[in-house]
Amino acid sequence: MYTQALNGIPDEATDQSSEAARFQARVDAEQKIEPNDWMPDAYRRTLVRQISQHAHSEIVGMLPEGNWITRAPSLKRKVALLAKVQDEAGHGLYLYAAAETLDVSREELIGQLLAGKAKYSSIFNYPTLTWADIGAIGWLVDGAAIMNQIPLCRCSYGPYARAMIRICKEESFHQRQGYEIMLTLARGTPEQKAMAQDALNRWWWPCLMMFGPPDSESQHSDQSTRWKIKRFSNDDLRQKFIDATVPQAHYLGLTIPDKELAYDDASGHWKIGPIDWAEFKRVLAGGGPCNRERMRARRKAHEDGAWVREAALAYAQKRRARREAMQIAAE
Ligand code: BYC
């Protein structure tokens with residue numbers, strides 16, 4: 001009996017490791033992994049972590065811009081901003097739905113956010129002080145988001161990759177509307193141009209932090225790259241963003257707030273000064289300018305929406321009861 005028990009263990013382990021080898025071979029062959037396919041637990045956990053953080057970022061990300069809907073300077077600007085903020089809500093919903101395919105419920109994920117246990121992008125803990133901040137968010141925050149998210153359209157997990165395709169299309173519109181606001185301000189009065197410059201000064205460095213810690217400190221990158229969840233490293237994407245954005249700032253006639261910024265002929269890249277990673281860590285630990293305000297707003301929105309959830313549940317129960325009664329009557 002003892003020998004049989006021992007025999008059972010290597011068999012199970014062999015099964016697991018051959019499943020794992022088959023899984024990695026499929027990933028290497030660029031086949032999409034779908035919800036009912038076998039996957040390592042750690043792959044599932046990594047996806048739930050990343051997709052839920054991404055979903056939370058979209059939802060919390062509505063707050064800084066939502067703050068300006070009533071103050072947009074014209075009807076046209078109001079309509080565009082309203083549409084953009086609604087798009088972010090949609091992105092959050094696609095992403096929660098993608099996470100749910102991994103056996104985790106939306107309620108659980110939202111519970112983690114409201115309990116302060118889940119991360120969301122550091123960028124949304126900064127305030128929107130002037131109308132120019134709405135331009136800067138579209139241009140820079142959505143610009144950074146696109147740079148990070150285009151490669152995610154080729155992520156190995158099918159539902160996440162497919163959600164990202166639609167999200168990226170919408171993000172491109174967001175980026176253009178932001179840049180157009182910046183262009184209008186930069187070509188406006190000296191005061192408007194100064195407002196645009198001030199917004200760039202405040203958003204530039206936090207946007208560079210959106211790409212995550214430097215590669216040397218990125219704990220998840222290696223494994224996520226092997227699983228083809230990540231296609232580029234944090235530093236590579238940050239550099240791509242810098243190279244794309246510096247000429248756009250020059251076109252606007254604005255100055256990137258970095259005295260060390262210089263074009264390096266040898267590498268063909270713009271080189272920047274040091275990023276303040278202490279600030280990044282402070283924001284992640286809850287000490288950013290708006291962390292508390294953002295969580296307060298989300299908790300209030302959740303409490304205020306309780307009646308909608310209750311009404312939806314009551315309606316679903318009523319429909320189910322009616323359907324069951326009709327089935328019984330038909331039998
Ligand atoms: N903020 O090992 P690393 C939008 C965390 S929304 C906060 O490099 P990974 C939009 C990281 O989670 C855009 N936390 O991690 C919405 C990890 O912590 P945990 C949101 C950050 O996963 C509204 C730890 O640091 N985009 O576009 O390999 C309006 C170590 O990092 C941040 C996404 O979510 C950060 N900036 O790489 C407008 C994209 N950076 O989990 C626009 C999807 C890192 O161990 N996510 N951390 O506790 C990703 O691509 C990757 O998760 C990251 C990080 C590149 C962000």
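Annotations
- Restricting the first member to the stretch 99-123 and to residues that are of a type in the set (Phe, Trp, Tyr), and the second to residues that are more than 11 Å from the ligand (Cβ to nearest atom), the beta-carbon pairs closer than 9 Å and six or more apart or on different chains are TYR120/LEU113; TYR120/ARG294.
- Any hit, the stretch 250-258, residues being closer than 24 Å to PHE211 by Cβ, within 16 Å of the ligand (Cβ to nearest atom) and without any contact (Cβ under 8 Å) to a residue 40 or more places away in the chain: no
- Those residues of the stretch 49-71 which are assigned to a helix (DSSP H, G or I), buried (at least 18 other Cβ atoms within 10 Å of the Cβ) and of a type in the set (A, V, I, L, M, F, W, C), in sequence order: ILE51, ALA55, ILE59, VAL60, MET62, LEU63
- Sole exception among (1) at pLDDT 95 or above; (2) away from the ligand (no atom under 11 Å from the Cβ); (3) touching a Ser or Thr at 6+ places or on another chain (Cβ under 9 Å) for ASN67, by number: (1)
- All conditions but one from (1) of a type in the set (Ser, Thr, Tyr); (2) out of contact with any Lys or Arg (no Cβ under 9 Å at 6 or more places or on another chain); (3) exposed (fewer than 14 other Cβ atoms within 10 Å of the Cβ) apply to THR245; the one that does not is (3).
- Qualifying residue in the stretch 191-209 (condition: at positive phi and more than 10 Å from the ligand (Cβ to nearest atom)): no
- Test set (1) without any contact (Cβ under 8 Å) to a residue 24 or more places away in the chain; (2) closer than 17 Å to SER57 by Cβ - HIS302 fails condition number: (1)
- Scope the stretch 139-159; condition near the ligand (Cβ under 10 Å from one of its atoms) and either at pLDDT below 95 or not in a helix (DSSP H, G or I) (or both); matching residues: CYS155
- Considering residues of the stretch 87-128 that are closer than 21 Å to ARG292 by Cβ and β-branched (Val, Ile, Thr) only, the residue surrounded by the most Cβ atoms within 10 Å (Cβ to Cβ): ILE123
- Any hit, the stretch 234-257, residues being outside any loop (DSSP other than H, G, I, E, B), farther than 28 Å from ASN125 by Cα and out of contact with any helix residue (DSSP H, G or I) (no Cβ under 6 Å at 6 or more places or on another chain): yes
- Of all residues in the stretch 210-244, those being in contact with a strand residue (DSSP E or B) (Cβ under 9 Å, 6 or more places away or on another chain), of a type outside the set (A, V, I, L, M) and within 9 Å of the ligand (Cβ to nearest atom) number 0.
- Residue within the stretch 160-176 that is out of contact with any Pro (no Cβ under 9 Å at 6 or more places or on another chain), more than 16 Å from the ligand (Cβ to nearest atom) and assigned to a helix (DSSP H, G or I) present: no
The values are calculated or read from the model by the stated rules, or taken from the named source; none is laboratory data. Remember, predicted model here, so these are calculated numbers, not experimental data. Neighbour counts run over all protein chains shown; Cβ positions are idealised from the backbone, glycine included.
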